[in-house]
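Asks: Can you read through this structure? Questions will come right after.
The values are calculated or read from the model by the stated rules, or taken from the named source; none is laboratory data. This one's a predicted model, so the numbers in the text were calculated from it and none came from an experiment. Positions of Cβ are backbone-derived with ideal geometry, glycine not excepted, and every protein chain shown enters the neighbour counts. Quick note on the areas: whole protein, heavy atoms, side chains included, nothing else; ligands and nucleic acids left out. Shrake-Rupley method; radii C 1.70, N 1.55, O 1.52, S 1.80 Å.
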Amino acid sequence: MKKCILSIMVLFIPVVCWSSEIESRYAIIQYQHYEQLEKLNNRIVLGSLSYLMGGRRGLTAVEELKRKIDVIVEKVESILQMYPSRVKFRIQLFDNPEDVRKVYFHQYGKRVDFIAFYSPQDKTIYLSLKDAELIVLAHEIAHVIIDTYYDRATPVKVHEILADYVTRYIED
């Protein structure tokens, strides 16, 4: 199943085709080619959190990645002591940060130097694989949890303070 998102950027129209998606308990991960899933799985190193994965024997890279995402979500909830009843969000994978920045510009009309961001309107994390690592993903998932926990918009500064707090304690 191919899903194409058409977005207008400056003077040209790039088309992003999501070749497919995988779904964990909390996230729908959309990717353009299978290697992106393998790369994300290899870049997200749980370190001291790996005990939360349970047995990994015989898991495919995709199954392992889905478990990692769910472990990170639950750890972020624990750090923030926020347990929203229904957490479901998307992660869209990009090979480089420039593509993430183009999406941000298209959505918000601002030029930024982000490597990842969370969009509350579409409940999506946009993530550059070049820079993906545990603290980056945990930071963005913190935004998801905060957004889902409160039933009204939370000030940006509060979001950032709490998301930064998560990055400090994610590996504890």
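Asks: Taking region 141-172 as the region of interest, how many residues are open to solvent by 100 Å² or more (accessible area, probe 1.4 Å) and hydrophobic (A, V, I, L, M, F, W, C)?
Replies: So the count comes out to 2.
Residue-by-condition table, conditions (1) open to solvent by less than 30 Å² (accessible area, probe 1.4 Å); (2) among the acidic types (Asp, Glu); (3) in contact with a His (Cβ under 9 Å, 6 or more places away or on another chain):
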{"site": "GLU35", "(1), (2), (3)": "no, yes, no"}
{"site": "LYS39", "(1), (2), (3)": "no, no, no"}
{"site": "TYR51", "(1), (2), (3)": "no, no, no"}
{"site": "LEU65", "(1), (2), (3)": "yes, no, no"}
{"site": "LEU80", "(1), (2), (3)": "yes, no, no"}
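Asks: Could you count how many residues in region 127-138 are touching a strand residue (DSSP E or B) at 6+ places or on another chain (Cβ under 6 Å) and open to solvent by 10 Å² or more (accessible area, probe 1.4 Å)?
Replies: Final tally of qualifying residues: 1.
Asks: When you check ILE69 against the structure, is it at pLDDT below 95, open to solvent by less than 20 Å² (accessible area, probe 1.4 Å) and β-branched (Val, Ile, Thr), yes or no?
Replies: So ILE69 fails the test.
Asks: So which pairs qualify, if the first residue must be in region 34-56 and closer than 17 Å to VAL73 by Cβ and part of a loop (DSSP other than H, G, I, E, B), the second must be modelled with pLDDT under 90 and open to solvent by less than 50 Å² (accessible area, probe 1.4 Å), the Cβ gap must be under 7 Å, and the two must be at least 6 apart or on different chains?
Replies: Here the result reads LEU46/MET53, each pair linking region 34-56 to a residue that is modelled with pLDDT under 90 and open to solvent by less than 50 Å² (accessible area, probe 1.4 Å).
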